[in-house]
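Since the structure comes first, as structure tokens, the remarks are kept for the end.
The values are calculated or read from the model by the stated rules, or taken from the named source; none is laboratory data. None of these values were measured; they are calculated from a predicted model. Glycine also receives a Cβ, built like all others from the backbone with ideal geometry; neighbour counts cover every protein chain displayed.
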Amino acid sequence: MLSPLKSVTGEPWVTVSDGAVLIYPYVEGKNGFEVRLEPENWRSVGRTLRRVHEFKEAREVPNETFTVEGIDEFRATAIQTPAQEVLCLHSEAVERCLQRVVELGARCLAKEWHHVPCHADIHVGNILVREDGPPFLVDWDAPKLAPKECDLMFICGPGITGHESEVEGWFFEGYGQCQIDPLALAYYRHVRAVEDIVSFTRESCDPSRTDESLRFLSGIFKPRQIVQTADESYRLLSR
């Protein structure tokens, strides 16, 4: 992992107004969207994430609540955004995701879980590949204590971006074998789908990002992307 530098007081951040500033050392490398991760890169990511999940002294990290913020606001305002056309085109899928994430969250709340420290956004864009060493896991802006599936949903099966089937095997050669809970997997995939729908819709209101946001929003409804993967995870629960 790439850890932030400590301040003169020994803390890994400096409080500024109502926020915080973290400074990380500069590391030369490219993320997984820019270069293809090799098998040993995936094994290294697996080993690193296993150590994260086994860490016992996580401080000031929020616990999973199995709720998703912003759904009510989205329902009230989405029709007024530049994303309206895309959302109408995929209205059934959007509504399905919104309803299921609430249903699955309630089912998760009714069950006991073993919570571990999670990165919570471990897509390939947050894996920094270097020429002279193992990859770094970066962008630790929203870690949480949650079921391990919060992270593993990015790896299991096609993940969230349709990676090749071999990736899962390479990753678990490093991570080690474990039982994957299908309920948690389905929940976190629906969370990701809803978060993407909500965030890309919101970002489409920024004129400088409208075209890019609409392209990203349209992309998540394509085959082997997160909406289809969430649907497949949900179907597996009823078998």
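Which residue out of LEU236, LEU214, LEU183 is within 30 Å of GLU57 (Cα to Cα), aliphatic (A, V, I, L, M), over 16 Å from the mean Cα position of the chain (by Cα) and not in a loop (DSSP other than H, G, I, E, B)? The match here is LEU183. Being in a loop (DSSP other than H, G, I, E, B) and either touching a residue at least 12 places away in the same chain (Cβ under 8 Å) or more than 15 Å from GLY133 (Cβ to Cβ) (or both) holds for only one residue in VAL35, VAL45, and it is VAL35.
Of all positions in the range 75-90, none carries a residue that is in a loop (DSSP other than H, G, I, E, B), within 18 Å of the chain's Cα centre (by Cα), surrounded by 16 or more Cβ atoms within 10 Å (Cβ to Cβ) and of a type in the set (Gly, Ala, Ser). Consider GLY70 carefully, then state whether it is farther than 25 Å from TYR188 by Cβ, surrounded by 12 or more Cβ atoms within 10 Å (Cβ to Cβ) and in contact (Cβ under 8 Å) with a residue 12 or more places away in the chain. When the stated conditions are applied, GLY70 does not pass them.
Selection within the range 151-180: residues that are touching a residue at least 40 places away in the same chain (Cβ under 8 Å) and surrounded by fewer than 17 Cβ atoms within 10 Å (Cβ to Cβ). The member of this set that is nearest to ALA230 (Cα to Cα) is GLY162.
The listed residues are LEU236, LEU145, LEU214, and the only one of them that is out of contact with any strand residue (DSSP E or B) (no Cβ under 7 Å at 6 or more places or on another chain) and either surrounded by fewer than 18 Cβ atoms within 10 Å (Cβ to Cβ) or closer than 28 Å to ALA106 by Cα (or both) turns out to be LEU236. Quick one: would you say LEU104 is surrounded by 15 or more Cβ atoms within 10 Å (Cβ to Cβ) and either at pLDDT below 95 or more than 13 Å from ILE197 (Cβ to Cβ) (or both)? Judged against the criteria, LEU104 is a match.
If GLN99 passes every condition in (1) more than 28 Å from CYS205 (Cβ to Cβ); (2) out of contact with any helix residue (DSSP H, G or I) (no Cβ under 8 Å at 6 or more places or on another chain); (3) not in a loop (DSSP other than H, G, I, E, B) but one, which one does it miss? In the conditions (1) more than 28 Å from CYS205 (Cβ to Cβ); (2) out of contact with any helix residue (DSSP H, G or I) (no Cβ under 8 Å at 6 or more places or on another chain); (3) not in a loop (DSSP other than H, G, I, E, B), GLN99 misses (1) alone. Taken over the range 186-211, the criterion of being outside any loop (DSSP other than H, G, I, E, B), hydroxyl-bearing (Ser, Thr, Tyr) and without any contact (Cβ under 8 Å) to a residue 24 or more places away in the chain is satisfied by SER199 alone. Every test in (1) β-branched (Val, Ile, Thr); (2) within 16 Å of ARG47 (Cβ to Cβ); (3) buried (at least 23 other Cβ atoms within 10 Å of the Cβ) is passed by VAL116 save one, and that test is (3).
Within the range 200-225, the residues that satisfy the criterion of being of a type outside the set (Lys, Arg) and modelled with pLDDT under 95 are PRO223, GLN225. Of all the residues in the range 75-87, those that are of a type in the set (A, V, I, L, M, F, W, C) and closer than 17 Å to ALA193 by Cβ number 4.
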